[in-house]
Amino acid sequence: MAWQRRQLLQGGLASVATLFTAGTVAPRSAAAATTPADRALRQALSACRPSGDPLQALLAGNQRFAAAWQLSSGTALAAADRSARMAALWADTCQLDPAALARGQRPWAAVLACADARVSPEWIFDVGPGELFDVRSAGNTAFAEGIASLEYAVCQLQVPLIVVMGHQSCGAVTAALDTKPLTPLLEELVTPIRASLQSGDDLSLAIRHNASYAAGQLTGRSAVLREAVAAGKLTIQPLYFDLESGLTSVI
Ligand SMILES: [Zn+2]
């Protein structure tokens, strides 16, 4: 890894793309994108890609999800009815060709999200497989491995947007606010969350501050992500997901 790290720091965006070769169409390489087969694959993998602002596309998908989520809410609703209401949402969700996905990926946004079982990004943004590049850990912290994964998404897959999604009732942030003893590894997990907290934070504010802090860590710790933002090739946006309404909001 040592030589790769040197390459990342010395070469920036152009050279970092050469560090990765598998699992994608390689649109940054002119030679690789000129054959009819490559163009056909790129087209198939782009079938669900929004034509406009990717952040607005994510938020529009979330509006669709939230409407179905709210309709499905409540103990009075039978399980079959709840299933039918969510299925009605997914019936219209764009789906990429699995045969194309077996040969490559071309996600149009990346999400740094919590590992919480209730915050699956594809679900919340109403997208299918192959559209989002997900990095998840409890507390949506920007750990080194996660940042490296996002460097891959931006530099090799040309992802133009990273959202960092905090969420209502986050257990990791709750643990960071608490003083109960934790295992050594859980102490490591909450350390960066505690670094994000501000005096007087309640849980809701702490979750927002933690998501903003993690977003700042992406450019703070990664030269290539910082370079991509400066070059206008990447937007990084923290979001807050409200479990009750199903809605995300920009922080
Ligand atoms: Zn969480």
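Summary of packing: across the peptides 175-184, 74-83, 107-116, 44-53, the per-residue average of other C-beta atoms within 10 Å ranks them, highest first, as 107-116, 44-53, 175-184, 74-83.
Once backbone amide H atoms are built at 1.01 Å from N, Ile236 has Ile162 as its partners under 5 Å, excluding neighbours fewer than 5 places away on the same chain. Between the residues Leu41, Phe65, Leu182, the greatest Cα displacement towards the positive end of the dipole of the chain, with unit charges on the Cβ of Lys, Arg, Asp and Glu, is found for Leu41. When the square roots of the Cα gyration tensor eigenvalues are ordered a ≥ b ≥ c, the ratio a/c for region 87-154 is 1.5 or more and a/b does not exceed b/c, which makes its shape oblate.
Quickly estimate the mean residue ellipticity at 222 nm for the chain, helices only: each DSSP H run with n ≥ 4 gives -39500 (n - 2.57), and the total goes over all residues, rounded to 500. Rounded to the nearest 500, it is -15000 deg cm²/dmol. By other beta-carbon atoms within 10 Å, ranking Val250, Val119 with the fewest at the front produces Val250, Val119. DSSP finds beta bridges in region 2-250, and of those with both partners inside it, around 15 percent are antiparallel.
For region 2-250, the Stokes-Einstein estimate of translational diffusion at 10 °C and a viscosity of 1.306 mPa s comes to 82 µm²/s, using the Kirkwood hydrodynamic radius over alpha-carbon pairs. Each of Arg106, Arg39, Arg85 has some number of other Cβ atoms within 10 Å of its Cβ, and from fewest to most they run Arg39, Arg85, Arg106. Each Lys or Arg adds one and each Asp or Glu takes one away; over the other residues whose Cβ falls under 13 Å from the Cβ of Leu89, this sums to 0. Region 58-79 and region 185-223 have Cα centres spaced 29 Å apart. Cβ distances below 4.7 Å define possible disulfide partners, and in the chain the cysteines left without one are Cys114, Cys155, Cys170. Computed from backbone phi, the HN-Hα couplings of region 198-206 come to 10, 4, x, 4, 8, 4, 4, 5, 4 Hz, rounded to whole numbers (Karplus: 6.51 cos²θ - 1.76 cosθ + 1.60, θ = phi - 60°; Gly and Pro given as x).
Values in this text are rule-based calculations from the coordinates and carry no lab data. Remember, predicted model here, so these are calculated numbers, not experimental data. All Cβ positions, even for glycine, are placed from backbone atoms using ideal geometry, and neighbour counts span all protein chains on display.
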